[in-house]
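Working notes, structure below.
Derivation of every value follows stated rules applied to the coordinates shown; laboratory data play no part. Since the structure is predicted, the reported quantities are computational estimates derived from the model, not experimental observations. Because the Cβ atoms are built from the backbone with ideal geometry, glycine has one as well, and the counts that use them run over all protein chains shown.
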Amino acid sequence: MDHTPNAISLTELLPLLGTHRMPQLLDVRLPEDIAQNPHRLPTARHVPHNQVVAFADRLDRARRVVTICHKGQKLSHGAAAHLRSAGYDAHVLSGGSEAWRDEDYPTLASAMGPAPGVSWVLSATRDRRAALGAWIIRRWFDAGATLLWVPADHVQDVADRFDAQALHDKATLTSTCATLGLTEPDLLAHIDAIETGQTPGTTWIDTLPHLHETDEDLVEAALPILDAAWLAHRQLTGQNRI
């Protein structure tokens, strides 16, 4: 465990991936550092270090914040200190993005997927695939993503007209994730098992449409179940790496 004040270690952050316990991640790297390592941690939002103070009002004060720079040094410590002075529970990721990459932990290819803040358009099917798609978006791409539910045949058109990201039914969720830069093999295998109903928890998710009338209500009910399914998968398969 890292004993640097106001720091969180890689091994402390790693188990929080894919769950509601994941902190708010701010990537404060310099452009040249991003060019050297064009990947970001899942759900991380890039905010230049000198804009963190102005950005702070957009953060949730009830959730911890973790700042990430190239090596976990001056930029992330300065940004976290500014946030703590404004009343946020802010920590630094020890070792920064380089240490995370060196361990080959899950990342998103920055150039392939939408930046945080972009709305996502999904098919209003109120089924297991819709719930799983929402879990993927909010747990791996953008924790605060706005989800727009429309008829299946309008998903792409709505995304195009409203500068949003489509998550439609024309491809498997695993291939969609890979296209958008999320390529962690074990996670993709787990997503495929959920989508095809081959893992525990799918029966519970399939009953939720009978209890919830809106897509957003369905998602809010499904997310904790999918969090638990991900945790159970990691425990059963011995995948301590992620």
> Of 120, 204, how do they rank once you tally other Cβ atoms within 10 Å and put the fewest first?
Replying inline: 204, 120
>> Could you give me D for region 42-168, from Stokes-Einstein at 4 °C and 1.567 mPa s, where the hydrodynamic radius is the Kirkwood radius over C-alpha pairs? Units µm² s⁻¹, please.
In response: 80 µm²/s
> Picking from 211, 226, 94, whose Cα lies most toward the positive end of the charge dipole for the chain (charges on Cβ: Lys, Arg +1; Asp, Glu -1)?
Replying inline: 94
> Can you give the relative contact order of the chain as a percent, counting alpha carbon pairs under 8 Å and 6+ residues apart?
Replying inline: 19 percent
>> If the elastic network links every pair of Cα atoms under 10 Å, which of 153, 186, 206 fluctuates the most in the Gaussian network model of the chain?
In response: 153
> Taking only the alpha-carbon atoms of the chain, what semi-axes of the equivalent ellipsoid follow from 5 times the gyration tensor eigenvalues under a square root, in whole Å, largest first?
Replying inline: 30, 20, 17
> By the scheme Lys and Arg +1, Asp and Glu -1, what is the net charge of all other residues having a beta-carbon under 15 Å from that of residue 43?
Replying inline: +3
> Using the Cα atoms of region 7-109 to build a convex hull, what is its mean projected area in square nanometres?
Replying inline: 5.8 nm²
> Taking only C-alpha pairs under 8 Å that are 6+ residues apart, what is the relative contact order of region 7-109 in percent?
Replying inline: 34 percent
>> Taking the Cα centroid of region 147-196 and of region 19-33, what is the distance between the two, rounded to the nearest whole Å?
In response: 23 Å
> How much net charge surrounds residue 107 when only the other residues with a Cβ under 12 Å from the Cβ of residue 107 are counted, with Lys and Arg +1 and Asp and Glu -1?
Replying inline: -4
>> With a 10 Å cut-off between alpha carbons and a GNM built on the chain, which of 116, 185, 42 moves the most?
In response: 185
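Using the Cα centre as the reference, give the magnitude of the dipole from point charges on the C-beta atoms of region 120-237 (Lys, Arg: +1; Asp, Glu: -1; all else neutral), rounded to the nearest 20 debye.
Using Cβ point charges on Lys, Arg, Asp and Glu, region 120-237 gives about 260 debye.
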>> Just to be sure I understand: if I project the alpha-carbon convex hull of region 120-237 onto a plane and average over all orientations, what area do I get in nm²?
In response: 6.9 nm²
